[in-house]
1. Most mobile of 61, 273, 183 per a Gaussian network model of the chain (Cα springs, under 10 Å)?
2. Would you mind getting me the FRET efficiency between residue 69 and residue 384? Use the beta-carbon distance for r and R0 = 22 Å, nearest 0.05.
3. Semi-axes of the equivalent ellipsoid for the stretch 201-358, please: Cα gyration tensor eigenvalues, times 5, square-rooted, ordered largest first, whole Å.
4. Would you mind calculating the relative contact order of the chain from Cα pairs under 8 angstrom and at least 6 residues apart, reporting the percent as a whole number?
5. Could you calculate the contour length gain from residue 119 to residue 133, that is, 0.36 nm times the residue separation minus the distance between their Cα atoms, to one decimal place in nm?
6. Two decimals is fine: what's Rg over Rh for the stretch 301-406, C-alpha atoms, Kirkwood radius as Rh?
7. Please arrange 73, 365 by how many other C-beta atoms lie within 10 Å of their C-beta, fewest to most.
8. With viscosity set to 1.567 mPa s at 4 °C, what whole-number translational diffusion coefficient in µm²/s follows for the stretch 62-120 from Stokes-Einstein and a Kirkwood radius over Cα pairs?
């Protein structure tokens, strides 16, 4: 009997011990599981964080960079960035053929957004490469370096220079007459290639005007022809070819200079067409160029009374730039004026006030004002006097920085 009781006690003790061991084991197991779960949670959190970092797109990164740049930029620098000028406009020399310490100091004080070169600025290939390289390196902000290189015998500063050997092309009218849009792609790709190799990043081409008026004194064979659909195809292909080489294409001259009788270089030019007529003809090549991704569009000093109700040139018209080009055609790139020293502007407007009007109308960049420093001061005064907001400047600067090819 005593043995049975001892046996029962022993079994009971073992049972209690097993319960204790089981309970303790469960606690230990739970702790191990909790630690494992915590470790996995940290790993997952880290993985999620890394994934989120990776999911920031290149476009978002660029937006952040632009934000940082604009926040660090003074108002004076912001205003300067909206101008695209000749190198001599910075230094005061008659003809600039090199970028010197004087140029460097001028760019430090007046960091313009772009510099355009003409035939008189080009002496030879080595000189041109050196000048462009120095201009870019002297600028505190990335710089547009542009040239008019349309191809053909009329407007080709490099191919027609006589001192730099590059491929040459017949007129764009002849290219259009081939009826082969790939020929226009070849033009854009070839011109873009040699401009990029020299140091340019902007070409004021292609001409998107349709040669509808035989009496037109300024467009002629610079256009791909008089058929809107053919010109549209050619323009799109040239834009694609050029920008493939890292050079920004500039569609010109919106809303269309091919059916005017006047030359805006010397006087006011008028396009006597209704909005519907423009939509069915002149706008088509610009739409095609926009769809092809053109970085810039040049507005012409061309009045369209049927659309605006007056003779305000497109380059100064909010109805044309904001209402038509931005809102109707959906263009989000850079809008730059034609040269602001042309007769169509200086013979009818105060040149400095005209620079302010460009920005009020929705334009982004002011090309070659008659007097850069006074035009710049006029824009600066307009901001300080609350005629134009700094926010409005930032809108243009964002477009400039998003579309700048380096």
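All of the numbers you see were taken from the coordinates with simple rules; none came from a lab. Just so we're clear, the structure is a prediction, and the values are computed from it rather than from any experiment. FYI the Cβ positions are ideal-geometry reconstructions off the backbone, even for glycines, and counts take in every protein chain you see.
1. Maximum fluctuation in the GNM of the chain, among the listed residues, is at 61.
2. E(calc), rounded to 0.05, equals 0.50.
3. 22, 17, 15
4. Result for the chain is 13 percent.
5. Working: separation 14, 0.36 × 14 = 5.04 nm, distance 1.77 nm.
Extra length from residue 119 to residue 133 when fully extended: 3.3 nm.
6. 0.95
7. In order of increasing Cβ crowding within 10 Å: 73, 365.
8. On the way: Rh = 12.6 Å.
In µm²/s, the coefficient is 103.
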